Amino acid sequence: MRPSQVLALSPRLLWREWRSGELSILLLALVVAIGSHTAIGHFADRISRGMTINAQHVIGGDLVMSSSRPFDPAVREEAARLDIETASTQRFFTVAGTGEDILLVSVKSVGDSYPLKGSLRVTRELYGAEEAVQSGPGRGEAWVEARVLHALGIELGQEITIGESGFRVSRVLTYEPDRGNNFYSFNPRVMINQADLEETGVIQPGSRVWYRDLFAGDAVQVSRFRAWLELRLNPGEHIRNLDEDRPALSEALDKAKQYTGLASLVALLLAAVAVANSGRHYSERHYDTSALLRCLGCSQNDILGIYVLQLLLLALAGGVLGNLVGWLSQAGLIMVLGSLLPENIPGIGIEPVLSGMFLGFVVLLGFTLPSVLRLRAVPPQRVLRKDLTPLSLSARLVYGVTLTLIVTLMWIYTGNIILTLGMTGGSVVVIAVVALGIVGIFRLLARSLPLIPVQVRAGVRNFLRRRRETVAQTMAFGLTIMAMLVVLMLRTELITTWQETVPEDAPNHFVLNIQVHETEPWAEFTARRGIDAGPLYQVVRGRLIRINGTPVRDHVSKEDREDESINRELNLTWSEELPTDNRLTAGRWWQAGDRGHTRVSVEDELAERLGIAIGDELTFFTGDRNWTAKVVSLRRVKWDNFNPNFYMVFNPGALDTLPASWIGSFFLEPERKKLLVDMMRSFPSITLLEVDAVLRQIKTIIGQVILAVESILLFVLVAGFVVTLSAIHTSMNERLQEGALVRTLGAGRGLLHINQWSEFASMGLLAGLIGVLGAELVIAVLYWRIFELEYSPTWWAWALVPPLSALLIGLAGIWSSRRILAQPPIRILREAGA
Amino acid sequence: MNQQTSPIRAENVGKTVPVASGSLRILQDIDLKVEAAETLAIVGASGSGKSTLLGLLAGLDRPSEGRIRLAGYDITTLDEDSRASIRAGRVGFVFQSFQLLPNLTALENVSLPLEITGADDAGPRATEILERVGLGERVTHYPLQLSGGEQQRVAIARAFVTRPDILFADEPTGNLDTENGRRVADLLFALNAEHGTTLVLVTHDAELAGRCGRCVNMEAGRLYSS
């Protein structure tokens, strides 16, 4: 045949086949696979971008640059050139006064564009309703934290002075997006307009000021800008983005992205199973057609051309329909979930569409081509002798190609070679173990056949007799169950971990400066009002002045001289046990021999910045005297766990002789905020920090991450379910024929039901066991290498999944073979004969 | 085709197939010549090798020994694709099990050989011959909606639609009752006469064989003249 004839004949034959309904299962498998894949793709892409935008609100921009010196104007020029928005802030310690009282405050002056991302929150009365605002105070105004009002004994509307200028206090500031984590050690905030800064006269040459510029813009431009900046950073200048500024959030987002990648991958593997299965069925159905076409004069290449073209057309149709289904599903989901999702979800990206189309072609061609290649080799004598089937291709070649294809696809989609090899390795081991296991089980079943109740014996015998098909189908079900279990188990573990990051009742207020005589009244006050207050920690305020006898400023590099930790008093505490969420990275915790000595454990990042090592002697200044402590350990601290955290932790007894105060935290429901007025009246000297706004923001993001993960699981489950049904459907012809034959021989409804049921249930039970085993292996590898979680076997899965799978696959089998009972046997037999 | 030579010629043909215990000789020493427009019946018991011989003569398989010429070409050494190109448009088939494609209507089944050869008028020609075999009213029916006799008539229409020089029929009435079998045979011979086709027919039905101009017997892989 001429190529043009092949081109004309192939779609014509395809159309005729489509019209007869025979292609629907293959197309359905493909559409569901691509649909779930693109739905996950779109949904995850949009949610992830939305979440990242929300998360960036937490740092006030995409990128933050900080320094103790004003920035080179070239930085802003470059940002402007790349269409990146800029907002600058200056922060310094100074004294705010009212004429009667003064207070050491941390002033932040902000420009009109501040904040670039997220919003400030303020109230118009003390502890009143919060409102979100997109810019800072106007000229001549100051926004202050509630504790400034308490400390200075003023009310909103009154005036404070900063340097030479007077400011009207117009709002209470409750949240600023880029405040950072170590909130409880900060001096109270006063925010003013940048335009007023110069007139205060506070900033003079030599004044200590922290400059912080925020940048936001298109992701590509921002990363280009960052690269540009990194080459020109002066000593003491730092750039940070979300990853560095909010590690816990960033980690949650990263894990969510990895999870999404994995879920996508699972949808992909399910697609492969479904398509390979339907493809094999499709190919086997065409043996007769191919033989006939050969008789009528088609060459092997004509046959190949006809079917490959058909596959391409199917892939195109599957790709377009799958994309449509995927798009509709994610749009529907986003519409239904509505208010729970991040605000301003960005539009749909082109990437999932393209990858969906690409997937259609790769999966369909990759996984059915080996079967279709066999069509080329169908001997024409098959028209005379039905039993002639084409020779199989080399199994090594087929499996080699398929495996390479899967690994490549996984790699492309996850961008993670370890994850890819973990999943592939796990699956290969599972398949090998399962193949051996199945052989054993088959032998065992065959031997124990006489012991099996006579009612189900026929079903089990069927199961054994169709060994090849049964093994293939059981493996397909097993892998499907495995994939779904991996996604399910991982989701449970991740969500638990995330929820632990910010527990429901995490403290949303911190109190500092509780004096020794106030500790009891404090306990009484909180208990009487039913406030959920945590323990109090004894804290000594001290400044680190020497390391091994050398003044700290001389000990550290020039750029680290401005490190806040050496320019202000630190909160020093003692603890018997290693604090929760802390991890030793070097040295040891207290031993009996430490009693009577002063020992200290230092936060590891600070130790690195200041060049502190185990065994060093640190000298602190407290009140009126210097004292020293020996470093015995370094600790990694989770700064964003919403518990009091410390740079320096001493051994018990070390701080006993020093002037101390107590700090603590408590949880207060938003509707009981007014209690704080009462609290401040009863304890006028304490410092109260409200962190509920920060906490709420983080909880929202974590909640969104969880929701995204749950929804993705839903897609995977739907894909798995449809794939299972399609797999059963493809094996139906032979079963229908047998069932009809058995019926003509006089078998009743009940017997047929039991036969079908026991056959499919055996398959389901075995597939369930395979699935759980495989999932455990894969999860163990993933936890170990990717998610850094602790693995323990999932007993519920072993107990629940195999029986459930037997039940569901048994039911699905009965449902699919209902035609055996619904149609006259003669009709089924005639169809089979044709 | 070279009209001077016989359209089908087999010389000293044998066929051996591998089996578990070694090899099995299913045809041996077959010499056969079929002249243009001749009708030949190959009769014999089940398993005697009739269908294997038909497959070899039609170029669906290759002999283990000897030579076969089909439509003037020596097909013994040709590969399958070359043999297929010789079959295309020149050779028609009618099978015992009809071999209609279940997803195609009667009309589409009959059009298929014409579509393969790239004919522009496949539809009208297929309709015409379907009318000729008495199925003009059933062109849009699928095989499953037709009786066995009707399906075989569709198969005959498909075999003749390309006006082949040679027609191979393998037990064409084997799956039909006596009445339908007779009708199908009538049709087959009538069309054969109209088109002047060379017909090779495998059957174990003595009556059908009797309608052929010549009859040969297969017994245990050997051919004997009747």
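The values are calculated or read from the model by the stated rules, or taken from the named source; none is laboratory data. Note that this is a predicted model, so its numbers are computed, not measured. Note: ideal-geometry Cβ built from the backbone for every residue, glycine included; neighbour counts use all protein chains shown.
So the values come out like this:
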item	result
Those residues of the range A:673-714 which are assigned to a loop (DSSP other than H, G, I, E, B) and surrounded by fewer than 17 Cβ atoms within 10 Å (Cβ to Cβ), in sequence order	A:Lys674, A:Pro684, A:Ser685
Subset of the range A:572-607 that is β-branched (Val, Ile, Thr) and more than 18 Å from A:Thr657 (Cβ to Cβ) - its residue that is surrounded by the fewest Cβ atoms within 10 Å (Cβ to Cβ)	A:Thr580
The one condition in (1) touching a strand residue (DSSP E or B) at 6+ places or on another chain (Cβ under 6 Å); (2) more than 14 Å from every other protein chain (Cβ to nearest Cβ) that B:Glu194 fails to fulfil	(1)
Residue within the range B:135-149 that is within 14 Å of chain A (Cβ to nearest Cβ), touching a residue at least 40 places away in the same chain (Cβ under 8 Å) and within 16 Å of the chain's Cα centre (by Cα) present	no
First in the range A:529-556 and in the same structural domain as A:Phe620 (by TED's automatic domain parsing) and free of Cβ contacts under 8 Å to residues at least 60 places away in the same chain, second anywhere and buried (at least 18 other Cβ atoms within 10 Å of the Cβ) and not in a strand (DSSP E or B), Cβ under 6 Å, 6 or more apart	A:Val552/A:Ile566; A:Val556/A:Leu610
Among (1) touching a strand residue (DSSP E or B) at 6+ places or on another chain (Cβ under 8 Å); (2) within 30 Å of A:Ile40 (Cβ to Cβ), the one test that A:Cys295 misses	(2)
Where A:Leu479 falls short, out of the listed (1) in contact with a Lys or Arg (Cβ under 9 Å, 6 or more places away or on another chain); (2) modelled with pLDDT under 80; (3) aliphatic (A, V, I, L, M)	(1)
A:Asp213, sole failed condition from (1) free of Cβ contacts under 8 Å to residues at least 60 places away in the same chain; (2) in a strand (DSSP E or B); (3) touching a helix residue (DSSP H, G or I) at 6+ places or on another chain (Cβ under 8 Å)	(1)
Number of the exception - B:Phe98 against (1) free of Cβ contacts under 8 Å to residues at least 60 places away in the same chain; (2) assigned to a loop (DSSP other than H, G, I, E, B); (3) on the phi > 0 side of the Ramachandran plot	(1)
Pair list, Cβ < 8 Å and 6+ apart or interchain, from the range B:21-50 residues that are in a loop (DSSP other than H, G, I, E, B) to residues that are hydroxyl-bearing (Ser, Thr, Tyr)	B:Glu35/B:Ser6; B:Glu35/B:Thr198; B:Ala36/B:Ser6; B:Ala36/B:Thr198; B:Ala37/B:Thr197; B:Ala37/B:Thr198; B:Glu38/B:Thr198
Residues satisfying the stated conditions in the range A:1-27, i.e. surrounded by 20 or more Cβ atoms within 10 Å (Cβ to Cβ), part of a helix (DSSP H, G or I) and either within 9 Å of chain B (Cβ to nearest Cβ) or modelled with pLDDT under 80 (or both)	A:Leu9, A:Leu13, A:Glu17, A:Ile25, A:Leu26
Test for A:Leu789: is it more than 14 Å from chain B (Cβ to nearest Cβ) and at pLDDT 80 or above	no
Any hit, the range B:56-64, residues being in contact (Cβ under 8 Å) with a residue 40 or more places away in the chain, over 15 Å from the mean Cα position of the chain (by Cα), over 24 Å from B:Glu115 (Cβ atoms) and crowded, with 20+ Cβ neighbours inside 10 Å	yes
Some residue of the range A:648-660 being closer than 30 Å to A:Ile614 by Cβ and free of Cβ contacts under 8 Å to residues at least 60 places away in the same chain	yes
Test: residue in the range B:114-123 that is farther than 30 Å from B:Lys33 by Cα, β-branched (Val, Ile, Thr), within 14 Å of chain A (Cβ to nearest Cβ) and surrounded by fewer than 22 Cβ atoms within 10 Å (Cβ to Cβ)	no
Per-region count, the range A:636-654, residues in contact with a Gly (Cβ under 9 Å, 6 or more places away or on another chain) and at pLDDT 85 or above	2
First in the range A:500-522 and crowded, with 20+ Cβ neighbours inside 10 Å, second anywhere and at pLDDT 80 or above and part of a loop (DSSP other than H, G, I, E, B), Cβ under 7 Å, 6 or more apart	A:Asn508/A:Leu668; A:His509/A:Leu668; A:Ile514/A:Leu536; A:Trp522/A:Phe683
Residue, nearest to the other protein chains (Cβ to nearest Cβ), within the range B:103-113, restricted to residues that are within 18 Å of B:Ile156 (Cβ to Cβ) and outside any helix (DSSP H, G or I)	B:Leu104
The range B:65-97 - residue that is of a type in the set (Phe, Trp, Tyr) and within 8 Å of another protein chain (Cβ to nearest Cβ) and, of those, surrounded by the most Cβ atoms within 10 Å (Cβ to Cβ)	B:Phe93
Residues located in the range A:268-311, provided they are more than 13 Å from chain B (Cβ to nearest Cβ) and basic (Lys, Arg)	A:Arg280
Single match in A:Leu464, A:Leu488, A:Leu436 (criterion: surrounded by 16 or more Cβ atoms within 10 Å (Cβ to Cβ) and modelled with pLDDT under 80)	A:Leu464
Positions within the range B:171-208 being small (Gly, Ala, Ser) and over 22 Å from A:Val383 (Cα atoms), in sequence order	B:Ala190, B:Ala193, B:Gly196, B:Ala206
Scope the range B:191-208; condition surrounded by 17 or more Cβ atoms within 10 Å (Cβ to Cβ) and farther than 19 Å from A:Leu384 by Cα; matching residues	B:Leu191, B:Asn192, B:Thr197, B:Thr198, B:Leu208
